[in-house]
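Enquirer: Below are the structure tokens for one structure; questions will follow.
The values are calculated or read from the model by the stated rules, or taken from the named source; none is laboratory data. Note that the structure is predicted; figures quoted are calculated from it, not measured. Cβ: placed from backbone, ideal geometry, glycine included. Neighbour counts: every protein chain shown. Surface areas here come from the heavy atoms of the whole protein model, side chains and all, with no ligands, DNA or RNA. Shrake-Rupley method; radii C 1.70, N 1.55, O 1.52, S 1.80 Å.
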Amino acid sequence: MTFTLTGYSTTQDSPWRELSFIPTNESANLKLTGEQHQLVEGFGGCFNELGYMALSHLNEEQRHEVFHSLFHPEGEHKFNICRLPIGASDYAEQWYSHNEVDGDVAMEHFSIKRDFKYLIPYIKEALTYNPNLQFFASPWSPPTWMKSPKAYNYGTLRWEKDILEAYALYFVKFVQAYREAGITIHQVHVQNEVIADQKFPSCMWTGEQLREFIGDYLGPAFDKHNLDTEIWLGTINAPDPWEELIKKKTNDFDEYAGLVLSDPKAYSYIKGVGYQWAGKNAIQRTSASYPELRYMQTENECGDGNNSWNYAKYVYNLYQHYFSNGVNAYIYWNMVLEPKGRSTWGWEQNSMITIDPDNKEVTRNPEYYVMKHFAHHIVPGARRVGLSGAWSGKSVAFRNPDNSLVIVINNPFQDRRDLYLTLEEGQTLHMELEADSFNSMVIHPK
């Protein structure tokens, strides 16, 4: 077999530097096993109001560079599946829902008027760079009058038949309204972070409630209105083993994914499961139990606004963990923010790109390059392939539809290390991994 090789390395001081390879007879410390795993659907980020506000500081040329790098099929990340909130996320300029008319169970006053200020222009600008972008949406909070207590933050959905029917209709109206605005919603996830009882827009759900709402209300409502939008069980941010030990309570994945998916009625409506944050502790068990479903990492963990190299190393491990345990897509959180990434409720968070409103400077943060090492080379339709050897716990490999092979690998050590990679055909290649680096290599058969 003959092939061409390209490779790139990112260190704290030198992003995206080209690498070289040489054939060798040394014993391999990383091997391709030939095993075939899940298909890749893609990569993306979330559209939030504060991100669009940050972009407003740029001139036309700078703005083009940012959008091209994120969304264009020939850009640096080639995003193809992205998230948006239904109503306010915690990165909205202010809290809102699409219907705050108390008691309007018929949804006569439903409106996405607010979204035409920030979200829809943000999404439509991205669509000019990639018209094939797909979108999934989730609420952070139902309308306040549907909740107890009556507030965007904290609380739960009122478990009353007319409220549940109205809330299912709320999802239907959202999908229909966005379609009328020229944006197709391909998936809805029932609730952002089902166990997040937060000071920002949030709503707590139990597994039993998710099962009943999907099986008896949301699924039938989508059928009644002939929607082809997929229903996903997401976004699940549990369990957190340490919290559960402190509570002296077992809260395994079966209290959410297992409980819902084991119900035939609810299962019949569900196309996939979305996990984020502490959901990383459950992804392996869920994907092993239900390999026929699709999986997504729905929100990259957000850091503290310092955009540090050390946090980027932690984030790399999230990519490796989620893909190794079966996800089909990986979604970043805020693609663009102002420095420190301060939310309206006071938390400072990381972003791929920082835009300084004073000097209009665009900074590509370390996590920008973590994502690039994956999204730049791995295309929708790629299949994860097996690895073995001492470096397999720090790497992940994919075969693209054109038969090119992509291997992404982290050297977390503080010195240079030698990688000896044996391909399926038996050839072994040597590559020197820089200390404390992210690396990707692409092998194109001739």
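Enquirer: Pick out the one residue from T344, T428 that is modelled with pLDDT under 95, over 20 Å from the mean Cα position of the chain (by Cα) and open to solvent by less than 60 Å² (accessible area, probe 1.4 Å).
Expert: The match here is T428.
Enquirer: Identify, please: which residue in region 252-274 is in a loop (DSSP other than H, G, I, E, B) and either without any contact (Cβ under 8 Å) to a residue 24 or more places away in the chain or of a type outside the set (D, E, K, R) (or both) and is, among those, surrounded by the fewest Cβ atoms within 10 Å (Cβ to Cβ)?
Expert: Only one residue tops the list, namely S262.
Enquirer: Can we say Y178 is closer than 21 Å to Y91 by Cα and open to solvent by 20 Å² or more (accessible area, probe 1.4 Å)?
Expert: no
Enquirer: Can I ask one more? I need the full set of residues from region 347-374 which are over 20 Å from the mean Cα position of the chain (by Cα) and open to solvent by 10 Å² or more (accessible area, probe 1.4 Å), in order please.
Expert: Passing the criteria: D356, P357, D358, N359, K360, E361, V362, T363.
Enquirer: Residues in region 18-38: is at least one in contact with a His (Cβ under 9 Å, 6 or more places away or on another chain), farther than 29 Å from N350 by Cβ and among the hydroxyl-bearing types (S, T, Y)?
Expert: yes
Enquirer: What tally of residues in region 162-220 results from selecting those that are part of a helix (DSSP H, G or I) and in contact with a Cys (Cβ under 8 Å, 6 or more places away or on another chain)?
Expert: 0
Enquirer: Read through the list (1) part of a loop (DSSP other than H, G, I, E, B); (2) surrounded by fewer than 19 Cβ atoms within 10 Å (Cβ to Cβ); (3) within 22 Å of the chain's Cα centre (by Cα); (4) touching a residue at least 12 places away in the same chain (Cβ under 8 Å), then give the number of the only condition that H68 fails.
Expert: (1)
Enquirer: Given the options A282, A288, name the one that is among the hydrophobic types (A, V, I, L, M, F, W, C), farther than 30 Å from E361 by Cβ and at pLDDT below 95.
Expert: Answer to the selection: A282.
Enquirer: Quick check: is even one residue across region 404-420 open to solvent by less than 30 Å² (accessible area, probe 1.4 Å), free of Cβ contacts under 8 Å to residues at least 60 places away in the same chain and touching a Pro at 6+ places or on another chain (Cβ under 8 Å)?
Expert: For region 404-420, residues open to solvent by less than 30 Å² (accessible area, probe 1.4 Å), free of Cβ contacts under 8 Å to residues at least 60 places away in the same chain and touching a Pro at 6+ places or on another chain (Cβ under 8 Å): present.
Enquirer: Right, V379: modelled with pLDDT of 95 or more and open to solvent by 20 Å² or more (accessible area, probe 1.4 Å) or not?
Expert: yes
Enquirer: Moving to a separate point now. Tell me the residue from P131, P149, P143 that is over 30 Å from H64 (Cα atoms) and open to solvent by 10 Å² or more (accessible area, probe 1.4 Å), please.
Expert: Matching residue, one of P131, P149, P143: P149.
Enquirer: What number goes with the only condition from (1) part of a helix (DSSP H, G or I); (2) in contact (Cβ under 8 Å) with a residue 12 or more places away in the chain that G305 does not pass?
Expert: (1)
Enquirer: With (1) at pLDDT 95 or above; (2) among the β-branched types (V, I, T); (3) in a strand (DSSP E or B) as the list, and T6 as the residue in question, which single condition is left unmet?
Expert: For T6, the exception is condition (1).
Enquirer: Quick one: is Y91 closer than 22 Å to T235 by Cα and open to solvent by 10 Å² or more (accessible area, probe 1.4 Å)?
Expert: In short, no.
Enquirer: Any residue in region 120-127 that is open to solvent by 50 Å² or more (accessible area, probe 1.4 Å) and assigned to a loop (DSSP other than H, G, I, E, B)?
Expert: no
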